[in-house]
1. For labels at Arg226 and Thr298 in the simple 7 Å Cα→Cβ model, what's the distance in nm?
2. Report the extension gain between Ile350 and Ile40 in nm, rounded to one decimal, defined as 0.36 nm multiplied by the number of residues separating them, less their alpha carbon distance.
3. Take the Cα atoms of the stretch 74-140, build their convex hull, and give its volume per residue in Å³.
4. Just add up the charged neighbours of Tyr96: K/R +1, D/E -1, any other residue whose Cβ is under 13 Å from the Cβ of Tyr96.
5. Could you give me the radius of gyration and the Dmax of the chain, taking only the C-alpha atoms into account and expressing both in angstrom?
6. Quickly rank 277-288, 251-262, 315-326 as a protection proxy: mean count of other C-beta atoms within 10 Å, highest first.
7. Once fully extended, how much extra length lies between Gln278 and Leu236, figured as 0.36 nm per residue of separation less the alpha-carbon to alpha-carbon distance?
8. In the chain, if the dipole is taken from +1 on Lys/Arg beta carbons and -1 on Asp/Glu beta carbons about the Cα centre, which of Val55, Gly199, His126 is farthest to the positive end?
Amino acid sequence: MNDTKPLKTLLVGCGNMGRHLGKKVYENPNYNLVAVYDVIPENAKEFAEKTGVKVYTDYDEALKKEKPEVVVIATPNSVHAQNTIQAALSGVKGIYCEKPIAVNMAEAKEMARVCRDNQVKLIIGHQRRMSDKYRKMKELIDNGAIGEIKLFRGSCAGDFVSDGTHTVDSILYLNGDVDAEWVSGHVIYERPGTMLYPGKEFTGERYGMNVESGAMALIQFKNGVRAEIFTGTLSLKTEHMSIPFSMLYQNIEAIGTKGRLWIPGDRNNPNLLIMDEQAGGWRAVEYKEYDVWEVVFTEFAATVREGRYHPMCIENAMRGFEIVMAVYESARLRDRLYMPLKQDKYPMDIILEENRILKREW
Ligand SMILES: NC(=O)c1ccc[n+]([C@@H]2O[C@H](COP(=O)([O-])OP(=O)(O)OC[C@H]3O[C@@H](n4cnc5c(N)ncnc54)[C@H](O)[C@@H]3O)[C@@H](O)[C@H]2O)c1
């Protein structure tokens, strides 16, 4: 399949992320976005009017009538597995599915298996590893700019499974996609209804999954590097820094024997800093800015057409998803967890079922 004819594409889920991805695919000449499927057609109305694509409320009908070569899935986490497996069995060649892969290891493994058995290229929405500043940070690490890496520190707003997955993936990328040896995790759970910060109420639920309000994790990688990650209410919060939420989201620091590299948030200026043996403390690193989504989808077209390696491939995402699930399992067992993870269920569900959450006085 070496021709460059635009790939016939179906968008699945037209909420916040779906509309964003739909626009990026619509604008990319490698794709021909023909339709969108959403259980709530009103969500797709404005997008369909702007782009002229058809709207379906029945997935089976959309797949059968349109026969897409690619589907882009941006539905809640709880339906990623069924949306992916149905598309893979319908004969598509490539699937972009949003992160996290699924709601538990059993579903994630099944998605990977069905796609492998049907020669479907599956990538997962960890776009950060393909972005300008993360690629620059990795280039500097690989060139020895801060010596031998000893530790990564990351913090992120939100819950560990939906947002921490980005932090875990970014660190995996920067550390060369090395397997973890063990993880140690801890979760805290505020009373649902608690205001996490002005305007943001903790509900205990996100994208169809039970979630905690705060988590922390230690990850020991097989190359000797350690990572420390803090999310949600345990993360570095905007009120500590008096900057807008959107500027922070994910904060990543690499600590080496000869210096440090730091991405202090998503939209800070400067956005990548270095401290090394040169005098003067932290200084900004220059890098060439680009639209990450253009790179993600252009490279994915080459993956679908020619089988080329994609950095967001399911194999890389599975390594991170196993770590994310292991962090919850470690919190459940209250012990360090040596990989591989043997728990196929979502440990947070079991933590809640077993009433293992410390509820203080409530
Ligand atoms: N990669 C990223 O940086 C990033 C950023 C935000 C969200 N996400 C991920 O994107 C996904 C969607 O998030 P969102 O914020 O757009 O959510 P959303 O609630 O805004 O949108 C979800 C859409 O899916 C539709 N939907 C629900 N169930 C469906 C089904 N069974 N079939 C078809 N459509 C269905 C809903 O009607 C809605 O329009 C989540 O998995 C989230 O983790 C990724």
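1. Reported label-point gap for Arg226 and Thr298 is 4.1 nm.
2. Net length gain for the segment: 108.5 nm.
3. Convex hull of Cα atoms, per residue: 101 Å³.
4. Every neighbour counted, the sum reads +1.
5. For the chain, the Cα-based Rg and Dmax read 20.6, 64 Å.
6. 315-326, 251-262, 277-288
7. Stretched fully, the Gln278-Leu236 segment lengthens by 12.3 nm.
8. His126
The values are calculated or read from the model by the stated rules, or taken from the named source; none is laboratory data. Since the model is a prediction, treat every value here as computed from it, not as a measurement. All Cβ positions, even for glycine, are placed from backbone atoms using ideal geometry, and neighbour counts span all protein chains on display. Ligands, DNA and RNA are stripped out before the accessible areas are found, and what is left, the full protein with its side chains, is counted by its heavy atoms. Shrake-Rupley method; radii C 1.70, N 1.55, O 1.52, S 1.80 Å.
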